[in-house]
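Undergrad: Here it is, the structure in full.
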Amino acid sequence: MKQLRLLAASLLLILLAGACAAAGSSASPDLADLAYGPHEHQAIDVYLPERPETAPVIFMVHGGGWVRGDKRNTRVVDNKVARWLPQGYIFVSVNNRLLPDADPVAQAEDVGRALAFVQEQAPSWGGDPDRFILMGHSAGAHLVGLLAADPAIATDQGARPWLGTVPLDSAAFDVAAIMTQPHLRLYDRAFGEDPAFWRDASPTQRLTGAPAPMLLVCSTRRVLPCDQARDFAEKAKGLGGDVEVLAVDMSHGEINKELGVPGAYTEKVEAFLSRLTRP
């Protein structure tokens, strides 16, 4: 029965990954398609509050099963921008190379490279390069989780330390565990057959020291995300980390789309952001 639930959870992730790429945002970036590398997907959008001055930055990575998705998707952008720009945050939405051009570890390196670029440019936009929060949904949650677990992925690209990380409903903290259980082709395409690569692509496996504070959001409507989030959090806490699991009764897609909508869920995430970013 547990194997069937795992397969159903993976199927849901595939369906939602496809939906994630569909709808464009109604919000218009102030700075669009800024390139941080030569590939067409190595680009960011920047949304600015009025008169930013040493503003904190939310650095957001979209989902899409490591194979699709876009930084301008309405679920990625709209409600978050509406909520946090009026509070003085800069919101940066990130694209990265996708399969088959880049495997998930290379995608995480892209995110690190984008982070270095945005930190360098932030003062020219009124942003504070020392007050960054990393956020990502689904596959993007896996990518920011990898950076949180092993910051060298980002610092090797020139990035500076950041304040904290908010992965939104990742089911892939421990890729090695996923690949040795019944799973769907989504994971085979992303992670292949090499157990050494599974370990390299696993935030839980790469975690060797206390990460910067993390808030791991997971859906109680799926089996894998909360189980994996709790296992990661337990290991991180054992290493001295400040890591909390926020389990919410929302679907995978709602966790992304509804963040920023007034209510208890947004308020809990906002409390985490405020705790880390207040001057």
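The values are calculated or read from the model by the stated rules, or taken from the named source; none is laboratory data. Note that the coordinates shown come from a computational prediction; the quantities given were computed from them, not determined experimentally. We place every Cβ from the backbone using ideal geometry, glycine too, and count neighbours over all the protein chains shown. Just the protein is used for accessible areas: all its heavy atoms, side chains included, with ligands, DNA and RNA removed. Shrake-Rupley method; radii C 1.70, N 1.55, O 1.52, S 1.80 Å.
Undergrad: Would you tally the residues in segment 142-181 being out of contact with any Gly (no Cβ under 6 Å at 6 or more places or on another chain) and part of a strand (DSSP E or B)?
TA: Total satisfying the criteria: 4.
Undergrad: Looking only at segment 48-89, which residues are touching a Pro at 6+ places or on another chain (Cβ under 6 Å) and closer than 17 Å to T266 by Cβ?
TA: Once the filter is applied, which keeps residues that are touching a Pro at 6+ places or on another chain (Cβ under 6 Å) and closer than 17 Å to T266 by Cβ, segment 48-89 yields L85, G88, Y89.
Undergrad: Within segment 228-277, restricting attention to residues that are basic (K, R) and under 25 Å from I178 (Cα atoms), which residue is least open to solvent (accessible area, probe 1.4 Å)?
TA: K235
Undergrad: If you go through segment 179-225 one residue at a time, how many are among the hydrophobic types (A, V, I, L, M, F, W, C), under 23 Å from S251 (Cα atoms), modelled with pLDDT of 95 or more and out of contact with any strand residue (DSSP E or B) (no Cβ under 8 Å at 6 or more places or on another chain)? First the steps, then the outcome.
TA: Going residue by residue through segment 179-225, those that are among the hydrophobic types (A, V, I, L, M, F, W, C) are 179, 184, 186, 190-191, 196-198, 201, 207, 210, 212, 214-218, 223-224.
Now narrow it down to the ones that are under 23 Å from S251 (Cα atoms): 184, 186, 190, 214-218, 223-224.
Next, only the ones that are modelled with pLDDT of 95 or more stay: 190, 214-218.
Remaining after also requiring out of contact with any strand residue (DSSP E or B) (no Cβ under 8 Å at 6 or more places or on another chain): 190.
Going through segment 179-225 one residue at a time, the tally reaches 1.
Undergrad: Please count how many residues of segment 48-88 are open to solvent by less than 10 Å² (accessible area, probe 1.4 Å) and either of a type in the set (G, A, S) or outside any loop (DSSP other than H, G, I, E, B) (or both).
TA: Of the residues in segment 48-88, 14 are open to solvent by less than 10 Å² (accessible area, probe 1.4 Å) and either of a type in the set (G, A, S) or outside any loop (DSSP other than H, G, I, E, B) (or both).
Undergrad: Inside segment 167-180, can you point out the residues that are over 17 Å from K235 (Cα atoms) and either touching a Leu at 6+ places or on another chain (Cβ under 6 Å) or open to solvent by less than 50 Å² (accessible area, probe 1.4 Å) (or both)? Reasoning before the result, please.
TA: To start, the set of residues in segment 167-180 that are over 17 Å from K235 (Cα atoms) comprises 168-169, 178-180.
Across segment 167-180, the qualifying residues are L168, D169, I178, M179.
Undergrad: Next question. Can you tell me which of T220, T204 is hydroxyl-bearing (S, T, Y) and crowded, with 19+ Cβ neighbours inside 10 Å?
TA: Details: T220 fails: crowded, with 19+ Cβ neighbours inside 10 Å.
Answer to the check: T204.
Undergrad: Moving on to the next point. Take V118 and decide whether it is in a helix (DSSP H, G or I), at pLDDT 95 or above and of a type outside the set (D, E, K, R).
TA: Considered against the rule, which asks whether it is in a helix (DSSP H, G or I), at pLDDT 95 or above and of a type outside the set (D, E, K, R), V118 comes out as yes.
Undergrad: Could you list, ordered by first residue, the pairs with Cβ atoms under 7 Å in which the first is in segment 28-44 and open to solvent by 50 Å² or more (accessible area, probe 1.4 Å) and the second is of a type in the set (S, T, N, Q), at least 6 apart or interchain?
TA: A35/Q42; H41/N95; H41/N96
Undergrad: A follow-up question, please. Might you check whether a residue that is within 26 Å of A152 (Cβ to Cβ) and assigned to a helix (DSSP H, G or I) occurs anywhere in segment 211-226?
TA: Scanning segment 211-226, I find at least one residue that is within 26 Å of A152 (Cβ to Cβ) and assigned to a helix (DSSP H, G or I), so the answer is yes.
Undergrad: Please find, within segment 187-201, the residue that is nearest to L246 (Cα to Cα) out of those that are surrounded by 19 or more Cβ atoms within 10 Å (Cβ to Cβ) and hydrophobic (A, V, I, L, M, F, W, C).
TA: In this case the residue turns out to be A201.
Undergrad: Just to check your reading of the model, which residue among T220, T208, T204 is under 16 Å from H137 (Cα atoms) and polar (S, T, N, Q)?
TA: Being under 16 Å from H137 (Cα atoms) and polar (S, T, N, Q) holds for just one of T220, T208, T204, which is T220.
Undergrad: Could you go through segment 98-108 and let me know if any residue there is open to solvent by less than 10 Å² (accessible area, probe 1.4 Å), over 16 Å from S202 (Cβ atoms) and not basic (K, R).
TA: First, pick out the residues of segment 98-108 that are open to solvent by less than 10 Å² (accessible area, probe 1.4 Å): 102, 104, 107-108.
Still in the list and also over 16 Å from S202 (Cβ atoms): 102.
Next, from what is left, pick out any that are not basic (K, R): 102.
The answer is yes, given that some residue of segment 98-108 is open to solvent by less than 10 Å² (accessible area, probe 1.4 Å), over 16 Å from S202 (Cβ atoms) and not basic (K, R).
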